[in-house]
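Written out below as structure tokens is the structure these notes cover.
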Amino acid sequence: MSAMVGGAGDLLIRPGQVPLLARPYYADGDPGPIVAALAQVPELLETAMPFLGAALGPSGIDWRTKEIVIVRTSALAGCRYCVQAHSVVALDAGLSHEEVRALRTDIAVADAFAEPRELALLEWVDVVAGTGPVPDDARAAVRRLWADHEVVELTILVGATLLLNRFATALALPTGPDTAARLATEGFA
């Protein structure tokens, strides 16, 4: 039922080959590479997408803050696909070019961010997206500036982003031509 498209590791389901349970995700056209890959296992797609939508979608955490977490986590994880896709989204969410460059690790965070809450958040992302235990002092630092429910949501956002980072990297998901063109226009090669 599935067909290989493109190079090795590219497991995207084409619109004409969509399994029955995945068809609603293709109703408005190309659903993007994450859905097109998850369509290989429709029962997993139906479970994963609501979770990812809740974690990455609108909530009590503003769009700008979510993009800070997603771009930084993706850069630390080395996920080309997510860094490219979300650099564009971060610009649309109101981050400056300099801020996006800092999140991508092209320049120091301190050169682009000055707001204490954002700096505490970035330190939290760096620790949570890293390896090993999370130090108590890091947890205390983020909790001084962020409410408990925000820390919980932001931590889930880091985890969900890492899941997508590994998924996108393992399957070598392709950056869409519109995203690539926008990145070039914005000066992000």
Spin-label model distance (nm) - Gln40 vs Arg80, 7 Å beyond Cα toward Cβ: 1.8
- request: Just add up the charged neighbours of Val125: K/R +1, D/E -1, any other residue whose Cβ is under 11 Å from the Cβ of Val125.
  value: -2
task: Report the local net charge at Arg104: Lys and Arg +1, Asp and Glu -1, summed over other residues whose C-beta lies under 13 Å from its C-beta.
output: -3
message: Give me the three principal axis extents of the chain from the C-alpha atoms, as integers in angstrom, largest value leading.
response: 51, 35, 29
task: For the range 72-111 and the range 23-60, write down the distance between their C-alpha centroids in whole Å.
output: 23
- prompt: Hey, fewest Cβ within 10 Å first, where do Ile13, Ile68 land in order?
  reply: Ile13, Ile68
task: Under 12 Å from the Cβ of Ala90, count the other residues' Cβ atoms, weight Lys and Arg +1, Asp and Glu -1, and hand me the total.
output: +1
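Each value in this text was obtained by applying a stated rule to the coordinates, not by laboratory testing. It should be emphasised that the depicted structure is a prediction, and the values quoted were computed from it without experimental measurement. With ideal geometry, Cβ positions are generated from the backbone for all residues, glycine too; neighbour counts draw on all protein chains shown.
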